[in-house]
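*Asks:* Got a structure here, written out as structure tokens. Questions coming.
Please treat every number below as a calculation from the coordinates, not as lab data. In this text the structure is predicted, and so the values were computed from the model without any measurement. Neighbour counts are summed over all protein chains in view; Cβ atoms, including those assigned to glycine, are modelled from backbone coordinates with ideal geometry.
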Amino acid sequence: MFTGIVQTVGRIAAVSPHGDGVRIAVDTGVNVPGDVAIGDSVAVRGCCLTVVAKEGATLTFDVSAETLRCATGLDTPGDVNLELALRMGDRLGGHLMTGHVDGVGIVKGFAPVPADQHGSWRLDVEAPAELARFIASKGSIAVDGVSLTVNDVDGRRFAVNLIPHTLVVTTLRSLAEGDAVNLEIDLIARYVARLAQAG
């Protein structure tokens, strides 16, 4: 489990074919904590991956073809948001997340909020049609592994507000119109919808 509170921005430094997918080496930019071990789960751009090797500041992960089909940005070099798996007793600063990407959204707008003197930005994303019903105003959503509050919803499009701190400590600051982003819908919304179907 994760909370969507990004702990550091790393970089996919190398990608190589492996099995039906790829193996990626992620430079975390910092010495990896000693309690991170092979077999541990780490959210990489919002996707739960398993550590298969560890050396200095680099963690290595295998990414399956199925994961590549569901997510974006895991098979090319570039910056990625990183979060270690939640431990019992940790603070829930964002919202509960599984690290299972539900779909890929497309950025439709990213601009400063005109009336905000503190530097906030508005991010507009178009979600896949099958995910739209799970997204609600004032609900939670993860975008590239970052826990965010939905401000507005209009059909398949939703908007979130990014405060300056979020822009500084995540990769979201680099987004542009047309970019693809990993989306994970709210865990509670998923189960409520399933129960409603069963009833």
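*Asks:* With each label point set 7 Å from Cα along the Cα-Cβ vector, what nm distance links Ser64 and Val36?
*Replies:* Label at Ser64, label at Val36, 2.3 nm between them.
*Asks:* How far apart, in nanometres, would the label points at Asp75 and Ala53 be if each is projected 7 angstrom from Cα along the Cα-to-Cβ direction?
*Replies:* 2.1
*Asks:* Whole-Hz ³J(HN,Hα) for each residue in region 58-66, computed from phi via Karplus 6.51 cos²θ - 1.76 cosθ + 1.60 with θ = phi - 60°, x for glycine and proline: what do you get?
*Replies:* Running phi through 6.51 cos²θ - 1.76 cosθ + 1.60 with θ = phi - 60° gives 10, 10, 10, 9, 9, 10, 6, 4, 5 Hz.
*Asks:* Residue-wise, which Karplus ³J(HN,Hα) couplings in Hz belong to region 41-48, taking 6.51 cos²θ - 1.76 cosθ + 1.60, θ = phi - 60°, and x for glycine or proline?
*Replies:* Values per residue, Gly and Pro as x: 9, 9, 7, 10, 6, x, 9, 6 Hz.
*Asks:* Further question on the same structure: Quick one: which residues, 5 or more positions from Val80 or on another chain, have an amide H under 5 Å from its amide H? H modelled 1.01 Å from N in the peptide plane, none for Pro or chain starts.
*Replies:* Gly10, Arg11, Ile12
*Asks:* While we're looking at this one, here's another question. Hey, what do the phi angles of region 168-185 turn into as Karplus ³J(HN,Hα) couplings, whole Hz, using 6.51/-1.76/1.60 and θ = phi - 60°, x for Gly and Pro?
*Replies:* 6, 9, 10, 7, 4, 4, 8, 5, 9, 3, x, 5, 9, 9, 7, 10, 10, 6
*Asks:* Could I ask something else about it? Any chance you could get the radius of gyration and Dmax over the Cα atoms of region 103-198, in Å?
*Replies:* 13.4, 47
*Asks:* Quick check on the exposure proxy: order Phe61, Phe110 from fewest to most C-beta atoms within 10 angstrom.
*Replies:* In order of increasing Cβ crowding within 10 Å: Phe110, Phe61.
*Asks:* If we count other beta carbons within 10 Å of each Cβ, what is the order of Thr76, Thr3, fewest first?
*Replies:* Thr76, Thr3
*Asks:* Give me the one-decimal nm value for the distance between modelled label points at Asp154 and Ala115, 7 Å along each residue's Cα-to-Cβ direction.
*Replies:* The two pseudo-label positions are separated by 1.6 nm.
*Asks:* Write down the radius of gyration of the chain and its Dmax, each obtained from C-alpha positions, in Å.
*Replies:* So, for the chain, Rg and Dmax equal 16.7, 52 Å respectively.
*Asks:* Here's another thing I want to ask about it. How far is helix 187-198 tilted, in degrees, relative to the longest principal axis of the Cα atoms in the chain, given as a value from 0 to 90 rounded to the nearest 10?
*Replies:* Value to nearest ten degrees: 70.
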